[in-house]
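Structure, as structure tokens:
The values are calculated or read from the model by the stated rules, or taken from the named source; none is laboratory data. Since we're looking at a predicted model, the values are computed, not measured. Ideal geometry is used to build each Cβ from the backbone, glycine not excepted, and the neighbour counts take in all protein chains shown. Accessible surface is based on the protein model in full, side chains and every heavy atom, while ligands, DNA and RNA are left aside. Shrake-Rupley method; radii C 1.70, N 1.55, O 1.52, S 1.80 Å.
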Amino acid sequence: MKTVIILETEHLGISVSDLLNPREMKLIGIGNSYPDTWNVFENAETGELKEEIEGLPIMPIDLAVSLQPDIIVIAAMDPEKSHALQYMAIRAGFENDIRFIETMQSEFSVKCSVLRRLTRRLRNLGISGNVAELGCFKGDVSWQLNVLMPDRKLYLFDTMEGFDARDIAKEQLLDCSKAETGQFGNVKEEHLMARMPLPDQVILKNGWFPETAFDLEDEKFALVYMDACLYQPTFTGLEFFFPRMSQGGVILLNGYENVTYGGIHKAVEDMEAKYGAFLILPVGDLLGSVMIVHP
């Protein structure tokens with residue numbers, strides 16, 4: 001069994017630790033640059049270490065590297081941050097194996113695997129209803145939904161102008177994230193539609209949700225993919241779609257445990273407080289996405 005240290009950004013360490021094979025890899029700690037998460041010091045100013053540590057050791061990067069594990073796993077979502085952590089490890093004297101979760105993620109996708117298997121199951125069970133995506137951005141998931149469920153209408157909901165000011169106001173009021181108005185904007189409708197393998201099956205709902213869904217009160221859905229990032233569209237999305245799911249239908253909620261956008265998790269908590277517990281199944285990807293199954 002090989003020892004492993006995770007070097008993280010964006011608080012991805014726990015998510016990556018869940019993906020490690022415990023038969024082959026033993027996680028001995030997480031290194032990061034967030035002093036408020038470190039739990040290894042008796043006295044942080046003097047650097048005095050605790051004799052016993054409760055839970056998983058979380059520590060500064062240089063201390064983590066000094067443990068000289070067999071493998072360092074770089075838990076960062078983009079190449080720039082990945083290589084910055086790699087440089088810090090090498091500068092601190094690490095000479096063993098370094099692996100990048102960002103590279104693995106570009107080659108293997110848990111979420112895409114779940115989509116393929118889920119759509120096969122919905123088809124094999126004969127679960128009726130159309131498909132929707134809330135927060136489609138440039139269509140990276142949209143085209144997959146279109147081709148995986150070719151006989152169903154696909155409704156794509158997006159502002160095409162990024163985060164709406166009304167949703168950001170709610171986000172700031174609840175202190176859920178540091179998102180800004182217009183973020184993830186500049187999406188061109190023609191570019192999005194050009195990616196669709198079966199464009200005749202796609203209905204683009206351009207504007208602020210839930211106003212764009214008011215003409216779909218009587219629609220039924222077998223699968224809804226939600227990636228709205230913020231509290232308000234997530235809450236209103238669940239409130240709109242869940243009662244309209246077919247029996248056995250699934251809402252695939254991206255980023256449920258994404259600490260960068262805490263409004264997603266809070267929206268689910270508030271929905272459950274209002275209506276009761278959902279049947280929630282973890283997907284197992286980096287952002288803690290989940291499936292919400294309609295009984």
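What the table shows:
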quantity: Lone qualifier among GLY263, GLY288, GLY284, GLY255 - being in contact with a helix residue (DSSP H, G or I) (Cβ under 9 Å, 6 or more places away or on another chain) and open to solvent by 30 Å² or more (accessible area, probe 1.4 Å); calculated: GLY284
quantity: Cross-chain or 6+ apart pairs with Cβ under 6 Å, the stretch 183-194 first and free of Cβ contacts under 8 Å to residues at least 60 places away in the same chain, then among the hydrophobic types (A, V, I, L, M, F, W, C); calculated: GLN183/PHE163; PHE184/PHE137; VAL187/MET160
quantity: Hits in the stretch 37-62 (condition: open to solvent by less than 40 Å² (accessible area, probe 1.4 Å) and in contact (Cβ under 8 Å) with a residue 24 or more places away in the chain); calculated: THR37, PRO57, ILE58, MET59, PRO60, ILE61
quantity: Test for ILE203: is it in contact (Cβ under 8 Å) with a residue 24 or more places away in the chain and either among the charged types (D, E, K, R) or crowded, with 19+ Cβ neighbours inside 10 Å (or both); calculated: no
quantity: Residue identified as out of contact with any Asp or Glu (no Cβ under 9 Å at 6 or more places or on another chain) and either modelled with pLDDT under 95 or buried (at least 18 other Cβ atoms within 10 Å of the Cβ) (or both) among MET77, MET104; calculated: MET104
quantity: Residue count, the stretch 138-187 (criterion: part of a loop (DSSP other than H, G, I, E, B) and open to solvent by less than 70 Å² (accessible area, probe 1.4 Å)); calculated: 17
quantity: Residue check for LEU238: open to solvent by less than 60 Å² (accessible area, probe 1.4 Å) and more than 24 Å from LYS178 (Cα to Cα); calculated: no
quantity: Residue in the stretch 80-98 that is outside any helix (DSSP H, G or I), loosely packed, with under 14 Cβ neighbours inside 10 Å and under 18 Å from the mean Cα position of the chain (by Cα) present; calculated: no
quantity: So LYS205, is it charged (D, E, K, R) and at pLDDT 95 or above; calculated: yes
quantity: Count of residues meeting criterion [open to solvent by less than 50 Å² (accessible area, probe 1.4 Å) and closer than 17 Å to LYS81 by Cα] in the stretch 16-35; calculated: 4
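Each row is one residue, and each column tells you yes or no for (1) out of contact with any Cys (no Cβ under 6 Å at 6 or more places or on another chain); (2) among the hydrophobic types (A, V, I, L, M, F, W, C).
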site	(1), (2)
ARG116	yes, no
GLY135	yes, no
VAL147	yes, yes
TYR155	yes, no
ASP158	no, no
GLU161	yes, no
ARG166	yes, no
GLN172	yes, no
ASP200	yes, no
